[in-house]
Amino acid sequence: MDLKYEFYINAGREEVWNALISSEGTRSSFFGSELRSNFQPGQPFAYVGPGNDGEETVHVYGEILEFEPLSTLSYLEHPGPSYHSNHAELQSRVTFQLETVGECTKLTLINDQFTDNHPSFDNAQNSWWMILSSIKTWVETGKTLNFGW
């Protein structure tokens, strides 16, 4: 099953792209995690931040598939080791795409190619709404959403 979301953000592609890849942007929208990568296709990435293993918990990790600045970020991801003992066997693909629509940016997220019976599917389905809402709010207002955690 595939997850697909489309958000329209009242900002240029540069601001939305910054929210997806910069440390400040990812910390504001990805539950305090920082995206660490050199963004070269075939190279590793990880979202690292506060969690089960302290301040440097690896929440998601994997391999960059595509990186086209201001346009596309795609990666194969695995849940972090503290979530599932078989984390390396669990996988999905995430693709962010940006396009200009008038004076706005359309952010499309597709999360697909889930391993059969992936235990994180339901969590991903719920979390993407929060993450994408946070990106939109942060880019448009400079403020983060407080989910009460």
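The values are calculated or read from the model by the stated rules, or taken from the named source; none is laboratory data. Only a predicted model underlies this, so the values are computations on that prediction, with no experimental measurement involved. No Cβ is skipped: glycine too gets one built from the backbone with ideal geometry, and neighbour counts run over all protein chains shown. We work out accessible area using only protein heavy atoms, side chains counted, and drop any ligands, DNA or RNA first. Shrake-Rupley method; radii C 1.70, N 1.55, O 1.52, S 1.80 Å.
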**Study point:** Calculated log₁₀ intensity ratio I(q)/I(0) where the Debye formula runs over C-alpha points of the range 1-81, q = 0.19 Å⁻¹
**Key:** -0.91
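Kindly sort Val16, Val60 by accessible area of their heavy atoms, largest first, with the probe set to 1.4 Å. Before the final figure, lay out each step's value.
Details: Val16 0, Val60 35 Å².
Ranked list, largest accessible area first: Val60, Val16.
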Check your understanding: So what's the back-of-envelope 222 nm ellipticity for the chain, counting only DSSP H runs of four-plus at -39500 (n - 2.57) apiece and dividing by all residues, rounded to 500?
Key -> -8000 deg cm²/dmol
Study note, to complete from the structure: Expressed as a percent, the accessible surface of the chain that is carbon or sulfur, using a 1.4 Å probe and the full set of protein chains, is 47 percent
Point to revise | Extended-chain gain in nm, criterion 0.36 nm per residue less alpha-carbon gap, Glu103 and His84 | key: 2.6 nm
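Heavy atoms only, 1.4 Å probe, whole protein assembly: order Ile9, Ile21 by accessible area, highest first.
These residues rank, largest area first, as Ile21, Ile9.
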Revision key, fill the gap. 1/(1 + (r/R0)^6) with r = Cβ-Cβ of Gln113 and Glu6, R0 = 22 Å, i.e. FRET efficiency to nearest 0.05, evaluates to 0.70
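Once you charge only the Cβ atoms, +1 for Lys and Arg and -1 for Asp and Glu, what is the size of the charge dipole of the chain about its Cα centre, to the nearest 20 debye? Let's see the in-between values first.
On the way: 8 positive and 20 negative charges, 56 e Å.
It works out to roughly 280 debye.
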Point to revise | Probe 1.4 Å, all protein chains present, accessible-area order of Trp17, Trp129, largest first | key: Trp129, Trp17
Point to revise | Exposure of Thr95 as accessible area (Å², to 10), given a probe of 1.4 Å and all protein chains | key: 20 Å²
Practice item. Determine the per residue accessible area of the chain with all protein chains present and a 1.4 angstrom probe, expressed in square angstrom. Key: 52 Å²
Practice item. Please work out how much length the chain gains when fully extended from Arg36 to Gln125, using 0.36 nm per residue of separation minus the C-alpha to C-alpha distance, in nm with one decimal. Key: 29.7 nm
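Determine the sum of side-chain charges near Tyr47: Lys and Arg each +1, Asp and Glu each -1, restricted to other residues whose C-beta is under 12 angstrom from that of Tyr47.
Details: positive: Arg27, Arg36; negative: Glu34, Glu56, Glu77.
Neighbourhood net charge equals -1.
For the range 59-149, run through the GluC sites (Glu not before Pro) and keep only the ones in DSSP coil with at most 11 other Cβ atoms within 10 Å of their Cβ. Walk me through the numbers before you get to the answer.
Numbers: sites: Glu63, Glu66, Glu77, Glu89, Glu99, Glu103, Glu140; in loops: Glu103.
Passing both the DSSP loop test and the Cβ count: Glu103.
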